[in-house]
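The values are calculated or read from the model by the stated rules, or taken from the named source; none is laboratory data. Because the structure is predicted, anything quoted here is derived from the model rather than measured. Every residue, glycine among them, receives a Cβ derived from its backbone with ideal geometry; neighbour counts consider all protein chains shown.
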Amino acid sequence: MTSPHPPNSVEVITGLDDLRVDLARRHRATVSAAWTIDPAVAAADLAAVERDGYVIWENLISPAECERLRAALAPLLGRTGRNTFEGERTRRAYNLVDKTRACDGLVEHPRVLALLDRLLLPNYLLSQLQAIEILPGERAQLPHHDDGFYPVPRPRPALSAATMWAIDEFTEDNGGTVLLPGSHRWDGERQPAQSDARVVARMPAGSCAFYLGTLWHGGGENRSAAARLGLTVQYCEPWLRPQEAYTLAVGRRTVRAVSEDMRRMLGYSIHPPFMGAVDGMHPKRILEQQDSAGE
């Protein structure tokens, strides 16, 4: 393939528009698996999210897949939370990308990516992948919105989005996620009140709730006799710092093993013109250099 520039030539930058491209030019933004979703379906999902702040999809994965996930996640779940926000009777597992491939299909599910492609800038990042098991007797979690730690005043567009996958059935009694419809439009002064409408994400196992990072929500109280296992996947704009530092937490052997969508979301991508570069180059070149060295 012919290079767009002669050898040893210097590209002339005349304005900011010239910097809104990948200066490396070799690794373009890849097309996500979202292309498999009917645009009309994705448009309806987007309309629901813009109206309510969330959308619920039932039965996206099979009972057999839920059972496989339970088996993979069970040995990874740690002790109960370190504080009341994590949950005194809630077990969690962090950095699942480096511990198991069982969750990859949820992270890169085409229905999810189709919405993210419409909500966030290209090369958006994976911010967190976490299993959450709410045990019997757990109290309701403090309501919060997931991108509240970014110091950008509200009201504003969401800087992140999240999914909560029901690996077990979510009910009103076992800690189903509580959502506050329309709260994604609140300003920074407003806090949840008892009078605000709330919706429990009642979902059969295998279902998924997608919600904006500006939507107020929280884990529900578990008044049942059984644990409730969920998996949350959070994504953020490509110019923001993710919650989990995946370029440090995930080994390069794992990065080579995952899909192009996953690799991009782990930070092996560029937000134009050069955010995310390594030694002035696209980070994917690190993988190529190590491959050529036999590492």
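In segment 121-138, the residues that are closer than 14 Å to Arg264 by Cβ form Cβ pairs under 8 Å with partners that are of a type in the set (Lys, Arg), at six or more places apart or across chains, as follows: Asn123/Arg264. Quick check: anything in segment 112-124 crowded, with 16+ Cβ neighbours inside 10 Å, out of contact with any His (no Cβ under 6 Å at 6 or more places or on another chain), of a type in the set (Gly, Ala, Ser) and closer than 14 Å to Gly175 by Cβ? No: segment 112-124 contains no residue that is crowded, with 16+ Cβ neighbours inside 10 Å, out of contact with any His (no Cβ under 6 Å at 6 or more places or on another chain), of a type in the set (Gly, Ala, Ser) and closer than 14 Å to Gly175 by Cβ.
With respect to Thr232, determine if the residue is farther than 18 Å from Asn95 by Cβ and either over 18 Å from the mean Cα position of the chain (by Cα) or in contact (Cβ under 8 Å) with a residue 24 or more places away in the chain (or both). Break it down stepwise before answering.
Details: farther than 18 Å from Asn95 by Cβ: no; either over 18 Å from the mean Cα position of the chain (by Cα) or in contact (Cβ under 8 Å) with a residue 24 or more places away in the chain (or both): yes.
So Thr232 fails the test.
One residue stands out in segment 181-198 among those that are surrounded by 16 or more Cβ atoms within 10 Å (Cβ to Cβ) and without any contact (Cβ under 8 Å) to a residue 60 or more places away in the chain: the one that is farthest from Ala47 (Cα to Cα), namely Pro192.
Is it the case that segment 30-41 has a residue that's modelled with pLDDT of 95 or more and touching a Gly at 6+ places or on another chain (Cβ under 9 Å)? No, that holds for no residue.
Based on this model, can you work out whether Pro273 counts as under 29 Å from Pro157 (Cα atoms) and touching a Gly at 6+ places or on another chain (Cβ under 8 Å)? So Pro273 fails the test. Of all the residues in segment 163-195, those that are within 17 Å of Cys208 (Cβ to Cβ) and among the acidic types (Asp, Glu) number 2.
Suppose we filter Val112, Val41, Val49 for residues that are β-branched (Val, Ile, Thr), closer than 19 Å to Thr163 by Cβ and under 15 Å from the mean Cα position of the chain (by Cα); which single one remains? None of the other options fit; the residue is Val112. Gly213 passes every criterion in (1) within 21 Å of Arg118 (Cβ to Cβ); (2) surrounded by 24 or more Cβ atoms within 10 Å (Cβ to Cβ); (3) out of contact with any Cys (no Cβ under 8 Å at 6 or more places or on another chain); (4) of a type outside the set (D, E, K, R) apart from (3).
I need the full set of residues from segment 218-229 which are of a type outside the set (A, V, I, L, M) and surrounded by fewer than 18 Cβ atoms within 10 Å (Cβ to Cβ), in order please.
Within segment 218-229, the subset of a type outside the set (A, V, I, L, M) is 218-224, 228.
Correct list: Arg223, Ser224.
For segment 90-101, the criterion of a residue being under 17 Å from Tyr211 (Cα atoms) and in a strand (DSSP E or B) is satisfied by no position.
Screening Ala161, Ala197 for residues that are hydrophobic (A, V, I, L, M, F, W, C), modelled with pLDDT of 95 or more and in a loop (DSSP other than H, G, I, E, B) leaves exactly one candidate, Ala197. Residue check: Phe170 meets all listed conditions (1) aromatic (Phe, Trp, Tyr); (2) within 20 Å of Glu50 (Cβ to Cβ); (3) touching a Lys or Arg at 6+ places or on another chain (Cβ under 7 Å); (4) buried (at least 21 other Cβ atoms within 10 Å of the Cβ) but one, namely (2). Listed by first and then second residue, the pairs linking a residue in segment 161-177 that is touching a residue at least 40 places away in the same chain (Cβ under 8 Å) and closer than 16 Å to Leu77 by Cβ to a residue that is of a type in the set (D, E, K, R) and assigned to a strand (DSSP E or B), with Cβ atoms under 8 Å apart and 6 or more places separating them unless they lie on different chains, are Asp168/Arg228; Gly175/Arg228.
The selection criterion, being surrounded by 15 or more Cβ atoms within 10 Å (Cβ to Cβ), β-branched (Val, Ile, Thr) and in a loop (DSSP other than H, G, I, E, B), does not hold for Thr232. Looking only at segment 249-258, decide whether some residue is in a strand (DSSP E or B) and under 22 Å from Ala74 (Cβ atoms). Looking through segment 249-258, none of the residues is in a strand (DSSP E or B) and under 22 Å from Ala74 (Cβ atoms).
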